[in-house]
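Reading through the structure tokens given below for one structure.
The values are calculated or read from the model by the stated rules, or taken from the named source; none is laboratory data. Treat the numbers as computed from the prediction; the structure is a model and nothing was measured. Cβ coordinates were reconstructed from backbone atoms using ideal geometry, including for glycine residues, and neighbour counts include every protein chain displayed.
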Amino acid sequence: MLRNPIEEPCAARAIAARRAAFVAERVARVARIKLTTESGDVFDGDEISQNRMARFVAMVEDGDAIRWVLADNSVIQATTAELKEALTLAGQAQAQLWVEAE
């Protein structure tokens, strides 16, 4: 079959446009991640919040706590265990959004 030199660039642009739209929507959806821990606290789960959680979890001992601002702007004493749980839930939520459905 002969290739159409006009249709190929159009198809490639359409694929690139669909991918760009997916990536933009994914960024927006990740930014809106909220998660609820077993204790009922609702955390933001966006990438910046995940990074903050990971830094705290990486540098402290089990049983430590830190003042943490929740998604509704209330402040709690979050334990290492709760932040680990929140980080895991956020990572799982992000993983579900990351790969484009086929």
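Listed residues Arg29, Arg19, Arg3; which is in contact with a Leu (Cβ under 9 Å, 6 or more places away or on another chain) and modelled with pLDDT under 95? Working first, answer last.
Details: Arg19 fails: in contact with a Leu (Cβ under 9 Å, 6 or more places away or on another chain); Arg3 fails: in contact with a Leu (Cβ under 9 Å, 6 or more places away or on another chain).
Every option except Arg29 fails the conditions.
Can you name every residue in the stretch 45-56 that is closer than 14 Å to Leu89 by Cα and assigned to a helix (DSSP H, G or I)? Break it down stepwise before answering.
Taking the stretch 45-56 and keeping what is closer than 14 Å to Leu89 by Cα, we get 45-47, 49-51, 53-54.
Residues satisfying the conditions are Glu47, Ser49, Gln50, Asn51, Met53, Ala54.
(1) out of contact with any strand residue (DSSP E or B) (no Cβ under 9 Å at 6 or more places or on another chain); (2) of a type in the set (S, T, N, Q); (3) surrounded by 16 or more Cβ atoms within 10 Å (Cβ to Cβ): which one isn't true of Thr79, the others all being true?
Checking Thr79 against (1) out of contact with any strand residue (DSSP E or B) (no Cβ under 9 Å at 6 or more places or on another chain); (2) of a type in the set (S, T, N, Q); (3) surrounded by 16 or more Cβ atoms within 10 Å (Cβ to Cβ), the one that fails is (1).
Which of the numbered conditions does Ala71 fail, given that it passes all the others? Conditions: (1) under 13 Å from Leu89 (Cβ atoms); (2) in a helix (DSSP H, G or I).
Single failed check for Ala71: (2).
Pairs needed: first member in the stretch 80-102, within 14 Å of Arg55 (Cα to Cα); second member anywhere, among the charged types (D, E, K, R) and modelled with pLDDT of 90 or more; C-beta distance under 6 Å; at least 6 residues apart or different chains.
What qualifies is Thr80/Asp64.
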